[in-house]
Every structure is written in C-alpha cells, then in structure tokens.
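Remarks on the structure that follows.
The values are calculated or read from the model by the stated rules, or taken from the named source; none is laboratory data. Source: prediction; values computed, not measured. Methodologically, a virtual Cβ is constructed for each residue, glycine included, from the backbone with ideal geometry; neighbour enumeration extends over all protein chains shown.
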Amino acid sequence: MKEELLTLLEDVRPDVAFDKEKKLIDEGILDSFDIISIMQVIEEKFGVSIDIENLEPENFNSVDAMVELIKKLREK
C-alpha cells in the first residue's frame, strides 16, 4: 500500500520527496490545495471516505501517517 500511495503522491506533487519528508504540513511543504488533491486520490484509489474529523495535520505529515489513516478508515 505504501508504494502505491507514494506513486500517487508523486503524481500530485512530483517535486516533493514524499518518502523522505516527515513534516509535510508542519514545514509548509503541502498547502491546502495539495491536501484536497491528496484526499481525492486516496478516496478514489483506496475506497475510503475522509471526514472532516480526519483532516488533522498529523494524518498528512508523512506517507506513513497517510497509510495509517487509510488503514484506520478501512476498518470502519
């Protein structure tokens, strides 16, 4: 799942080294438009729905955090 997500994220922002960054939101690497694009990609590809309550910076700060969010949403 992580490799697939990395590929999708690179399509959204090819200039970001998603596999190395751990503070994508905290350091301002991603902006709100990026997050919306990433949310759409995750929802479409992984068949989950990201609610407003899950729009926390810690859920999008790294690829690992996004993978954990997807896993959590799939369990619902």
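Among the residues of region 52-67, write down those that are part of a helix (DSSP H, G or I) and free of Cβ contacts under 8 Å to residues at least 60 places away in the same chain.
In the first step, residues of region 52-67 are kept if they are part of a helix (DSSP H, G or I); the result is 52-54, 57-59, 63-67.
Across region 52-67, the qualifying residues are ILE52, GLU53, ASN54, PRO57, GLU58, ASN59, ALA65.
Look at GLU56 and say whether it is of a type in the set (D, E, K, R) and at pLDDT 95 or above. Quick ask: steps written out before the conclusion?
On the way: of a type in the set (D, E, K, R): yes; at pLDDT 95 or above: no.
Considered against the rule, which asks whether it is of a type in the set (D, E, K, R) and at pLDDT 95 or above, GLU56 comes out as no.
Would you mind stating whether ILE70 is loosely packed, with under 11 Cβ neighbours inside 10 Å and among the aliphatic types (A, V, I, L, M)? Walk me through how you get there before you give the answer.
Details: loosely packed, with under 11 Cβ neighbours inside 10 Å: no; among the aliphatic types (A, V, I, L, M): yes.
The answer is no for ILE70.
Within region 31-51, count every residue that is over 16 Å from VAL63 (Cα atoms) and in a helix (DSSP H, G or I).
Result for region 31-51: 3.
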